[in-house]
Every structure is written in C-alpha cells, then in structure tokens.
Amino acid sequence: MKDLVSNQIVRYLEAREVEHIFGLCGHTNIALLAALEKSASISFINVRHEQIAAHAADGYARASKRTGVVLTHLGPGLTNAATGVANAALDSIPMVVIAGDVPSHYYGKHPHQEINLHADAAQWEIYRPFVKRAWRVDQAHLIAEVLDKAFTLAESGRPGPVLVDVPMDVFSAEVDVALFDKVISNTRSLAKPTIEEAVAEQIVQNLIDADRPVLYVGGGIVAADAAAELKEFAEILSLPVAHSLMGKGALPDDSPLVLGMTGFWGTAFVNDTTRTADWILALGTRFAEADSSSWYSEYTFDIPATKLMQIDIDPAELGRNYPLEIGALADLKSALTVLIRVARRMLPSGVQRDELLAKVAENRATLKSQNAQAQASDAWPMRPERILSETRAVLPADAIITTDVGWNKNGVGQQFDILTPGTFLTPGGFATMGFGAPAAVGAKIAHPDRVVVSLVGDGGFGQNPAVLATAREENVAVVWVVMNNNAFGTIAGLEKAAFDTTYGTVFGKGDDPMYTNFAAIAEAYGVTGVKVDSAAEFRPALERAIALGAPVVIDVSMVNVPTPTAGHWNIMDIYSPGETVHHVATD
C-alpha cells in the first residue's frame, strides 16, 4: 500500500509520541502542515519568527525530557532558526529540525529562496557546524529510515539537534507504507554505557581518602535525569557540591551540601573551595570559560595541583580543559547508580563532615546578609536583588524559571534558589539573547499545571516580542518579568569599566531616553500587561499575574548595577591589563 510521504511522517511522529511541533509555514512545508491538521495527537505551535520556534522547542525539550521538534522553511526560515538550534546544540538539548527545501528537480537553477552561492543543493550545509548530523533526503523511499536515525541520534550519547532537509516534492510523493511500518516497530529504548565496579571503587576510595573533596556538576546531570542519584551519592559521602551555571539546581539549593556556582559570577567561598580541593569528581560539565574563570589557576580550579576525576557521556569532554587522574565515558544516571552501590558497600555508615557543613551554612548566611539591604530597598528603579528575592518568595518550589542573558541569568545563578531539579532553563553555552521569553512558552506547554516565570531583560525580551502572539493564540499562561534597565546592561557596565563610555549599549539618545513600555506592547498583542511604578507594587503584581492563569507581561524598571563577581574573565586582560574591575554601575 502507498501513501503520501507527508501523511506517513505524521504517522511516524505520532508513533514516537510527539505531541507538539513548533514552527512557521512556508511554501515548501505546507504539505506537511496539511497532514498535521488531520492528526489527533500532535498540535502545531504557530510562531511569528523561526528563532522563537527553535527556542520554544528547546524549552519544551528541557522541561519535558523529550525531543523538541521544529518545522521550518528553506532559506530565511532555516537561517532564522539557526541561532536557536545552535543554542540547543551547545546546551546538549535533543531536537529534530524538519526543513522544507526547493523541489529536487530544480537543484542548481537557483529557484525561489534557495541558498546556492557556493554549491548547488547545499542549504542543509548551513547547519553542519553545530548539529550532530544534517541529512538532505532526495528520494522518498529514504525518508522513513532517515527520520528514525535522526531521532535516535538526537537522543543518544550527548544529546543535540539534527536536521532533516526535505525537498517539497518529496513531502508530496507517494511511498510504500511498509517502509514506515519497519521503523515504527524499531525499539525506542537503548541500553546506556556505565562504569565498571573497579573504576567506581577507585573513584570512591579517592574521595574517601581526600581531605578536601568536591563534587563539581554541570548540566549533564539534569540532561541525564540523574538528580536523585546525585543527591544520594553526595549524601552518603557528605560531599560538598559546586556547580556550573547549567548545573544549577541539579542538587536543590536548600541542600546543606550545596556550595553554589563557580567561576566569574561565582562567589569567593565557592571558588576558594574548588581551587583548594585536593580531589574533584566532575560530572557532566564542560569546564566552560565563565564557570572556570578563563581557566586561570589562581581563581577557580588549580588543576593538576587538585586531582581531577571526570565522568561524561561525551568522550570529547574528558580531559578537554584539564588533565585527568581518572576519566570515564558513561551515562551519568547509570554511573551514579554504580557509585552509590559501591559507596554503600565500602562505607555502610557513610561519612560525616560536620565541620564542612557548618562552613557551608555559615557562608550561606553571610551571603544572605550581604544581599539583605538591597533585597529590602524601596529604591526606584528597583534593585535587581529585590526583584529576584520577591520572585523566589512568591513562586512554588516546583515553578519553572527561564532566563535570558545579563542580570537575570547571572544573578539567578548566584542568588536565586532553585528548589526542584530541572526547573532552571538558561542559555548556557551560546548565552543567546532572546532565549528566555520563547523558552518559557515551550516549558509551559510541557507542564501546563506548573507556574512558569521568565526573568528577562529588556534587551532580551525586545529580541522576540512576537512570542506574545503565540502565547495568546495557544493561551500559554507564562508570566514574563521584564527587568527593564533601558540598556544592554551587562555590556554597558563592562564598556564603562574598560573604556569609560556606554556608547552603543544604552538605549535612546540625549534628551530622549526612549524607554520601551513592554506592558503596552503586551496589550497590543491582546496579552495582559502590567507597568510597575514602585518597588512596593512588584510583589502584588506578580502574585496577581500568577493567579490569573493567562499570559502576563510585568514591566519593572531596574537600576543598572553589576552582578557581583569573584572570579575572572580574561577579556579584561585584553581591554584593561592589570585592572581588577570588570563591571561598574551605569546609573
């Protein structure tokens, strides 16, 4: 029996239990859209810009622990989505991008919107630098096999996005249904690699013998759904846990073992603890530049003086930035299961580190006291510390937070407690401005019963305000808190510190500061907008917005003060050699 490829693609996606596809129409993909309309289980989330689609699919994938699916058009559609797809790649988020292409019989003739300036039929190669693999499917009988490979590759090993590029005539071709029957019957569950008992014994013994051991965790823990195993293992050996930005919340911030975030926006106590550790076990982290203070040994990590053990699903990350004593290629959930079993066998009563726990608690209390004045300040524009403090006080423990870049990301990483693993969604590797607002839509679609709040700057929200159209159309009850300092604030503070100017980083000119009223923009989209006019108004406004159960934008003016830094970023060695100030206030 034969059927249209477009119909069979939808049948395959239904069999994979795909529930949402994020995307935007174009003349090359409408055959697939027409087939999707007949699906009883898949909804198409319509957006107004392809970058929104990619970020929303990314947020959905992070929140649901399932693969995000994006449908896009050729040429500008594919390039518009590229930033969001690259962001997913650098943060190891599984994603399948299905893109329409020009008719296969017009390759080389440069038909409408084809990209072929350097090679014919080559638009799919745009994605090659950042996806795990890109396919162009020129023949209908190959589409079933390629789709199945694409999902398997996106979800296995180190997860990430893949591209399936399909000429529009292939979507509308007929294909033997048996080809799809074959791949639909394929297994979805793959056994994952783990570590041998002997390796686990050596790791545990090194941690037992250590005087100053530290667990250092990254986003790989959350991606592997290994938060529960991490908690159990850390508690058996009373191991202090430091984390990268992406690893925040892997162990809830109210755990007595949590040290906090390392690196440039980490705190002195955390950086000192990791720098002076004698053994570190790193789990699912890249040792990225910001998290590692540009790898300068005097700030965050002093390796190999500190001995390093590392477990990761990606062999390319093992020993990439620091030499290893032990390196293990494994799925983190599986590896931690073995480590827990071995640790309980070797130390049935566990380890007590009362002095260490007391120091962690003392540092936590010190940080709270240092921020107390700013958190209570009635100053207007608001202090960012108060915005974060009151947001945390209002939200339930399992609320999902998305951030963008700037104070909202750096401040949350440093000062905002994440109480449930997997509820902090941030653009880590690519640090993409414009991620936070659409990612929140994807997260809310994944968890309609959970509170989802997007903490974003005015620069970030201004990148993709058309996300409000999608939120209204789908009735996605996200609350966006726009921390509005009328600038690309973090970069403004950096430029001010290094060059004593804010040229090109602050919005408006001279006597026209050009403040944007994001509440009014929301209202124009048919979404509730709230303009907060004093610090006292913010918390009640947020409480009302959450209770409303509909999309809401809260515009709150914020003073542009820098996020405190205790680490280092070597861009200052370029801009201002010998200087110690990285950012300054611009207000």
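The set of residues from region 16-57 being in a helix (DSSP H, G or I) and farther than 27 Å from V405 by Cβ comprises I30, A31, L32, L33, A34, A35, L36, E37. Which is in contact with a strand residue (DSSP E or B) (Cβ under 7 Å, 6 or more places away or on another chain), in contact (Cβ under 8 Å) with a residue 12 or more places away in the chain, surrounded by 24 or more Cβ atoms within 10 Å (Cβ to Cβ) and on the phi > 0 side of the Ramachandran plot, of G249, G266? When all the criteria are applied, what remains is G249. None of H55, H49, H27 is closer than 23 Å to Q123 by Cβ, surrounded by fewer than 18 Cβ atoms within 10 Å (Cβ to Cβ) and not assigned by TED's automatic domain parsing to the domain that holds A223 except H27.
Yes/no matrix, rows are residues, columns are (1) under 27 Å from the mean Cα position of the chain (by Cα); (2) free of Cβ contacts under 8 Å to residues at least 12 places away in the same chain; (3) not assigned by TED's automatic domain parsing to the domain that holds G411:
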{"site": "N486", "(1), (2), (3)": "yes, no, no"}
{"site": "L494", "(1), (2), (3)": "yes, no, no"}
{"site": "T501", "(1), (2), (3)": "no, yes, no"}
{"site": "G504", "(1), (2), (3)": "no, yes, no"}
{"site": "K509", "(1), (2), (3)": "no, yes, no"}
{"site": "N517", "(1), (2), (3)": "no, no, no"}
{"site": "A520", "(1), (2), (3)": "no, yes, no"}
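Residues in region 58-76 that are in a strand (DSSP E or B) and either in contact with a Phe, Trp or Tyr (Cβ under 8 Å, 6 or more places away or on another chain) or among the small types (G, A, S) (or both) were compared, and the one that is surrounded by the most Cβ atoms within 10 Å (Cβ to Cβ) is G68. Checking each residue in region 512-532 for being touching a helix residue (DSSP H, G or I) at 6+ places or on another chain (Cβ under 7 Å) and on the phi < 0 side of the Ramachandran plot picks out T516, F518, A522, Y525, V527, T528, G529, V530, K531, V532. When P421 is tested against (1) within 30 Å of L367 (Cα to Cα); (2) buried (at least 22 other Cβ atoms within 10 Å of the Cβ), just one condition goes unmet, and that condition is (2).
Are any residues in region 85-111 within 30 Å of I221 (Cβ to Cβ), among the hydrophobic types (A, V, I, L, M, F, W, C) and assigned to a loop (DSSP other than H, G, I, E, B), and if so, which ones? If the condition is that a residue be within 30 Å of I221 (Cβ to Cβ), among the hydrophobic types (A, V, I, L, M, F, W, C) and assigned to a loop (DSSP other than H, G, I, E, B), then I93 is the only one that fits.
Among residues that are touching a Cys at 6+ places or on another chain (Cβ under 9 Å) and within 20 Å of L32 (Cα to Cα), H73 is included.
The values are calculated or read from the model by the stated rules, or taken from the named source; none is laboratory data. Because the structure is a prediction, the values reported are computed rather than measured. Cβ coordinates were reconstructed from backbone atoms using ideal geometry, including for glycine residues, and neighbour counts include every protein chain displayed.
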